[in-house]
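Working notes for the structure below.
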Amino acid sequence: MKKISSILATLPLITTACSGGGGGSPSSDNTTIDTNTNQSIDLSQQQGIWSSTETQTTTSASGKQTTFQAPTGIVTSNQKMMILTGNSELFVIEPNASIAHYFSSFAYNTDISATTELSNTHFTFNYYNPKTDTNSEVAIPVDGHYDAAIDLNNLAGIWDDEYDTNNSWQFTINTDGSFTADKQSAGCTATGNFSHIDTSKSELSVSITFNSQCGSLINTHSGLAWPDETHPNGKLNIAVYNGFELSSKAIGWKIIKQ
């Protein structure tokens, strides 16, 4: 895997043009284009689920290193990318965009420049994190589950939230993909729906509407859902957001089927 040097948000974007396969078998041929202007990020050859159970390290401007759990992400067949971390952080890149959108602690912070690169084993996402004022590079291995169809009927049941065990969310999913969600002991409930993007792939579109007891999350959010590497038939990543203005909010879950 070729390493790309860290960049600040104000520096030129580096995009990657690749030839060859998608999520299950990406190409090993890389051509890195260094541009003087922010061109769109090419996600056309990066479709797939990217996840890791390993820890990775980020280094601050002062040289301080922080170890963190590697995130999980997806690039859908319609070329939308979402990266979800276990620290209430979410990165979104839309089709033909030249920047990533960064959410932290449920709030939208700012647009950031991002570098992406595809190798034969990893999807490298290099970004400036305004929360920690650090340049970070995450190298996420490909997860072959993207190339397996996901059946909405198999999602039916009760799912618990792995991220928040103290005031935990619980999802009840029906065979048609509709669901209700309840943040236990908080009075916050939501209704939503999972739907296919490509019926041959493990990628789902999500829409969810929060009720009046959900504080700053009140509104309809949209996003993506995809199976988890460690337990694809019983663990699901979900990430949704409601816009790209400073008042926008986002939330992510890793839910486990009972």
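I'd like the full set of residues that are surrounded by fewer than 17 Cβ atoms within 10 Å (Cβ to Cβ) and either assigned to a helix (DSSP H, G or I) or at pLDDT 90 or above (or both), limited to the stretch 161-186.
Result: Q170, T172, N174, T175, D176, S178, T180, D182.
One line per residue, one yes/no per condition, for (1) in a loop (DSSP other than H, G, I, E, B); (2) under 21 Å from the mean Cα position of the chain (by Cα):
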site	(1), (2)
T189	no, no
S202	yes, yes
H221	no, yes
L236	no, yes
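Inspect all residues belonging to the stretch 193-207 and state whether any of them is closer than 17 Å to S168 by Cβ, out of contact with any Pro (no Cβ under 7 Å at 6 or more places or on another chain) and at pLDDT 95 or above.
We begin by selecting, within the stretch 193-207, every residue closer than 17 Å to S168 by Cβ; these are none.
For the stretch 193-207, residues closer than 17 Å to S168 by Cβ, out of contact with any Pro (no Cβ under 7 Å at 6 or more places or on another chain) and at pLDDT 95 or above: absent.
Checking T85 against (1) hydroxyl-bearing (S, T, Y); (2) modelled with pLDDT of 70 or more; (3) in contact with a Ser or Thr (Cβ under 7 Å, 6 or more places away or on another chain), which test does it fail?
Exception for T85: condition (3).
Quick check on the stretch 133-142. Is at least one of its residues buried (at least 19 other Cβ atoms within 10 Å of the Cβ), of a type in the set (A, V, I, L, M, F, W, C) and in contact with a Ser or Thr (Cβ under 6 Å, 6 or more places away or on another chain)?
yes
Taking the residues in the stretch 86-124 that are free of Cβ contacts under 8 Å to residues at least 60 places away in the same chain and outside any strand (DSSP E or B) as candidates, determine which candidate is farthest from S216 (Cα to Cα).
N96
Only one of these is at pLDDT below 80 and among the small types (G, A, S): S98, S105, S136. Name it.
S136
Of everything in the stretch 26-54 that's outside any loop (DSSP other than H, G, I, E, B) and modelled with pLDDT of 80 or more, which residue is nearest to P227 (Cα to Cα)? Step through it out loud before you land on a result.
In the first step, residues of the stretch 26-54 are kept if they are outside any loop (DSSP other than H, G, I, E, B); the result is 26, 30-34, 48-50.
Still in the running and modelled with pLDDT of 80 or more: 48-50.
Values: G48: 11, I49: 8, W50: 10 Å.
The residue in question is I49.
Sort out which residues of the stretch 149-160 are within 24 Å of G86 (Cβ to Cβ) and at pLDDT below 95, and write them in order of number.
Step one: of the stretch 149-160, the residues within 24 Å of G86 (Cβ to Cβ) are 150, 155, 157-160.
Within the stretch 149-160, I150, D160 qualify.
Write out, first by first residue and then by second, each pair whose Cβ atoms fall under 7 Å of each other, whose residues are 6+ apart or on separate chains, and whose first residue, in the stretch 208-223, is not assigned by TED's automatic domain parsing to the domain that holds V92 while the second is charged (D, E, K, R) and surrounded by 17 or more Cβ atoms within 10 Å (Cβ to Cβ).
Pairs that qualify, where the first residue is not assigned by TED's automatic domain parsing to the domain that holds V92 and the partner is charged (D, E, K, R) and surrounded by 17 or more Cβ atoms within 10 Å (Cβ to Cβ), are S216/K249; L217/K249.
Of the residues that make up the stretch 244-251, is at least one in a strand (DSSP E or B) and aromatic (F, W, Y)?
At the first step, the residues of the stretch 244-251 found to be in a strand (DSSP E or B) are 249-251.
In the following step, the residues that additionally are aromatic (F, W, Y) were identified as none.
So far as the stretch 244-251 goes, no, none of its residues is in a strand (DSSP E or B) and aromatic (F, W, Y).
The values are calculated or read from the model by the stated rules, or taken from the named source; none is laboratory data. If you're wondering where the values come from, they're calculated on a predicted model, not measured in any experiment. Neighbour counts run over all protein chains shown; Cβ positions are idealised from the backbone, glycine included.
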